Amino acid sequence: MSQHTLKFSCLLIVIFLGLDLNARVVIPALFADHMVLQRDKPIVVWGEAIYETEITVTFNDLTEICLVENGRWKTTFPAMPAGGPHKLTIKGSNTILIEDILMGDVFVCGGQSNMEWPLRNVNNAEAELKNTNFPNIRMFTVEQEITDRKTLSLEGAGWAIANEKTAADFSAIGFLTARLLHQEYEVPIGLIDNAWGGTNIMGWMPEEAFANQESFEKMIQTFKDTHNGESSFRQAKLDYAEQLELSDVGLFQGWSEPEFDKSDWKKINAPGLWETQGFQDKDGFFWLSKKIELKTVPEDKACKLGLAKIDDDDLSFVNGLLVGSTQGYSETRIYDFFSDHLTEGINEITVRVKDTGGGGGFHGLASDMFLVCESMDTMTLTGNWSIAEGSVNLPTLSKTYDANAFPTNRYNGMVHPLTPYPIAAYLYYQGESDTWQAKTYETLFQNMIRSYRTAWNDNQLPFVFVQLANFMAQDETPVESDWANLRQAQTAALKLPYTAMVSAIDIGEADDIHPRDKQTVAKRMAASLKRLVYNESLIFDGPPLEKVFTNSFGTLLTFRTSEKGLSVKGNDKKINGFVIETMEGKLIKVPGILQSKSAILLEYTKPFKSIRYLWANNPGEVQVYNEEGFPVNPFKYVSN
């Protein structure tokens, strides 16, 4: 048969079967088996179709026929109460059947890495994971995307039913909050994880939120002009990763082998990022190596290699043999191997590190860098390591794919596609990437909340956000604090109705920007949602400052509390955390004492410029709470 005849025969088959290979109905990844739709709100279904003129959609025995306009279609069904399961059928030239749909409460979990933080890495993770089998909690993770214009297309791996396997890598705050609400109200919960680690606020905002802000408007136009027509973020990452791998000469020249001469490699101290040790602004592949001497090696014994944390990814070798690899800058590396990998005398540990931006190399606790085997003393691996740059002709990824480079870039492809999908509330944990611009953040954050309510067409959409946790080493003397300023900028958003702020000032860790105590955050977030979404009458935040008086006895601060009043933790009667800014501008610590169930007296009688409470990157121990367990939030009171 000739080639021409073969093509003609295939064409006849297509025509005979009535098929159009391009005429397919396409729906966002949100619409999939096990999905949760928001109860008590109209149900919106939408998608794309290239050649069809109408689409037939059937849900719960109701059928709607909708017209296709400019390749898009949308239809709406009446609101339904909690329950299920239901089926959804979408029919054009192809038929899509979606099953096991529940009506419940849907929460979007947005922000950066502390919202993204997985359940497997929280305190008491093993116990938490054993308590994850909840068939009516469903989880969806939005795929990272950057686009210069709004889209309704959305990618993701589908909805997962909560169990030990699926919940392990899902947002801990999201899941733990959902579990508390589900156990309380027995309503199905749908969680949409829309967070992206290390991201700033401007990328999460729509273009409308920057109206009359010339500097941002110029950035948005530049983004449109330069990104137009670029491939998806997923494809760009795949292409870049392939080019990056090819740039590493160390992999092809065998740098992992002990026989490779590393005598001309430079030295750095570990733990410590290489950017601070002579390799500033360097990304790509680096190789680090350390030689250790073992006088004896136990035979056939289990060993562990600890390498603290590595930014970003690693392949780790012992005497040329791969013993482990990990992706993620926040993961503590501990690799198991057997002692037959070791030898008496000189041994070499070599680590290939891949860094895609920001800091690179070893970081974390020095105590997490070690080598130990059964029947052998622990050997520290801190101190000098040899280092060499493996990447040659490092490829570049277009700046338009930098998640923090332009306003709107993440909103367009990750938030806007969700906006036709009714939700119960938006949960947000972000701000660590914006501590340098607190004043600007205050305006942007409120604009963002307003813009989300406009986008969802819901002026009463509850918006619950987490205030930044305490972080970094405590200062011995009072100083100005970017983190305190950012917390104040977050607090200012409470002037908007239907908002709530979750305090995290008492759960942070000095040496880790990612507190492991997500349980306390989830408990407080659930309390806020009980008030805003479930209309319960309860205390859901800390006692706010109400009035300040100064007389010859001192300065009295009164707080708005419940009848139970304030509670001071600890045995010390003195309350720490208060700082007075004197009229001369000096910052001094001033202790306080509980004067009554709703008042604290500071031992200061002179005029002052301001009173600050917990006003620091890390203010240390938090002592003042209400009886419900919510701390007094950080504040700055400015004297008239």
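The values are calculated or read from the model by the stated rules, or taken from the named source; none is laboratory data. In this text the structure is predicted, and so the values were computed from the model without any measurement. Positions of Cβ are backbone-derived with ideal geometry, glycine not excepted, and every protein chain shown enters the neighbour counts. Surface areas here come from the heavy atoms of the whole protein model, side chains and all, with no ligands, DNA or RNA. Shrake-Rupley method; radii C 1.70, N 1.55, O 1.52, S 1.80 Å.
Each part reduced to its alpha carbon centroid, region 181-229 and region 470-491 end up 26 Å apart. Rounded to the nearest 20 debye, the dipole magnitude of the chain is 2120 debye, with +1 charges on Lys and Arg beta carbons, -1 on Asp and Glu beta carbons, and the Cα centre as origin. Of the options (i) 220; (ii) 211; (iii) 260, only one is volume of the Cα convex hull per residue in Å³ as computed from these coordinates, and that is (i). Within the shell of other residues whose beta carbon sits under 15 angstrom from the beta carbon of S339, the net charge comes to -4, with Lys and Arg scored +1 and Asp and Glu -1. Which of G104, A29, N121 sits closest to the plus end of the dipole of the chain, meaning its Cα is farthest towards the positive end, when Lys and Arg get +1 and Asp and Glu get -1 on the C-beta? The listed residue farthest towards the positive side: G104. Ordering 273-286, 189-202 by mean Cβ neighbour count within 10 Å, with the highest value first, yields 189-202, 273-286.
Using a Förster distance of 30 Å, how high is the FRET efficiency between S215 and L67, based on the Cβ-Cβ distance and rounded to 0.05?
Numbers: r = 42 Å, r/R0 = 1.40.
Plugging the Cβ-Cβ distance into 1/(1 + (r/R0)^6) gives 0.10.
For the peptides 137-148, 429-440, residues were scored by their other Cβ atoms within 10 Å and the scores averaged per peptide; the highest-first order is 137-148, 429-440.
Positive end of the dipole of the chain (Cβ unit charges, origin at the Cα centre): among T177, G156, F630, the Cα lying farthest that way belongs to F630.
Can you tell me the relative contact order of region 327-388? Whole percent, Cα pairs under 8 Å, sequence separation 6 or more. So the answer I get is 19 percent. Candidates A241, A270, S231 compared by Cα position along the dipole of region 224-277: farthest toward the positive end lies A270, with charges placed on Cβ. Dividing the summed helix terms, -39500 (n - 2.57) for each DSSP H run of n ≥ 4, by the number of residues in the chain produces a 222 nm estimate of -5500 deg cm²/dmol to the nearest 500.
Rounded to the nearest 20 debye, the dipole magnitude of region 565-640 is 200 debye, with +1 charges on Lys and Arg beta carbons, -1 on Asp and Glu beta carbons, and the Cα centre as origin.
With all protein chains in place and a 1.4 Å probe, the accessible surface of the chain carries 50 percent carbon and sulfur. A 1.4 Å probe run over the chain, with the rest of the protein chains in place, finds 46 Å² accessible per residue.
For the chain, what relative contact order do you get, as a whole percent, if you take Cα pairs closer than 8 Å and at least 6 residues apart? Answer for the chain is 13 percent. Expressed to the nearest 5 percent, the antiparallel share of DSSP beta bridges inside the chain is 80 percent.
Counting only residues at least eight positions apart within a chain, or on another chain, the lysines with an alpha carbon under 21 Å from that of K267 are K282, K290, K291, K309, K354.
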